[in-house]
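K.L.:
Right, I'll just put the structure down here and ask away after.
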Amino acid sequence: MKTPVAVAAVVLTLGAGLVWWTSNSDDCADAASLIEAEPVSVVSPCDQNNLGDIYYYGDGVEQDFTQAVKWFRLAADQDYPDAQHNLGEMYFNGEGVSRDYEQAHFWLSLAADEWGRIGTAAKEFRDQVASFLTPEQIERSLARVAAWKPSASP
């Protein structure tokens, strides 16, 4: 029983260190390298979202929307609202993915369930996205939201 607890402690410590590193380091390229060197199952959804941001903005690395989508999706699939909002924006803008307003609505609807700043922003954006959809598309999106279950860490 001590082994799982020890592993969990190491993973939590590593994750906290990576969050600190990505939020406090001027050298985002080094932070990205550290995060990418870890098995995906060890990297927290917060760190996955941070890495998506690094690629989205080209912060110390070459800007790469495809990589940003990859990391946002990993975090979004684990019910991380910031990443769900980011992924919704990428689908709306067609950055790193084909433009898909229904997908944008879906991800923003998931993020909108969060309270606070992210939830409020996601609700407002989701409502704007809805103006690009038919009633049937909105219904499909909301049905997916109702059936959606977060995945365990990859």
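The values are calculated or read from the model by the stated rules, or taken from the named source; none is laboratory data. Given the structure is predicted, the values throughout are model-derived calculations rather than measurements. Ideal geometry is used to build each Cβ from the backbone, glycine not excepted, and the neighbour counts take in all protein chains shown.
K.L.:
In this structure, is Leu133 of a type in the set (A, V, I, L, M), at pLDDT 95 or above, farther than 14 Å from Pro150 by Cα and surrounded by 23 or more Cβ atoms within 10 Å (Cβ to Cβ)? Outline the logic, then answer.
P.N.:
Values: of a type in the set (A, V, I, L, M): yes; at pLDDT 95 or above: yes; farther than 14 Å from Pro150 by Cα: yes; surrounded by 23 or more Cβ atoms within 10 Å (Cβ to Cβ): no.
For Leu133, the condition - of a type in the set (A, V, I, L, M), at pLDDT 95 or above, farther than 14 Å from Pro150 by Cα and surrounded by 23 or more Cβ atoms within 10 Å (Cβ to Cβ) - is not met.
K.L.:
Among the numbered criteria (1) modelled with pLDDT of 95 or more; (2) surrounded by fewer than 20 Cβ atoms within 10 Å (Cβ to Cβ); (3) in a helix (DSSP H, G or I); (4) of a type in the set (Ser, Thr, Tyr), which single criterion is violated by Ser109?
P.N.:
Answer for Ser109: the failing condition is (2).
K.L.:
A further question follows. Does any residue in the range 59-74 that is on the phi > 0 side of the Ramachandran plot come within less than 6 Å, Cβ to Cβ, of a residue that is of a type outside the set (D, E, K, R) and surrounded by 17 or more Cβ atoms within 10 Å (Cβ to Cβ) six or more places away or on a different chain, and which pairs are these?
P.N.:
Short answer, once both residue conditions are applied: Gly60/Cys28.
K.L.:
Please go through the range 86-103 and give me each residue that is more than 14 Å from Arg144 (Cβ to Cβ) and touching a Gly at 6+ places or on another chain (Cβ under 9 Å), ordered by number. Show your work before the answer.
P.N.:
Taking the range 86-103 as the starting set, the residues that turn out to be more than 14 Å from Arg144 (Cβ to Cβ) are 86, 89-90, 92-99.
Asn86, Met90 - these are the residues of the range 86-103 that are more than 14 Å from Arg144 (Cβ to Cβ) and touching a Gly at 6+ places or on another chain (Cβ under 9 Å).
K.L.:
If you go through the range 132-152 one residue at a time, how many are in a helix (DSSP H, G or I), free of Cβ contacts under 8 Å to residues at least 24 places away in the same chain and within 17 Å of Glu114 (Cβ to Cβ)? Walk me through it before giving the result.
P.N.:
Just the residues of the range 132-152 that are in a helix (DSSP H, G or I), to begin with: 135-147.
Narrowing further to those that are free of Cβ contacts under 8 Å to residues at least 24 places away in the same chain: 135-136, 139, 143, 146-147.
The next check asks that each one be within 17 Å of Glu114 (Cβ to Cβ); those that pass are 146.
Matching residues across the range 132-152 total 1.
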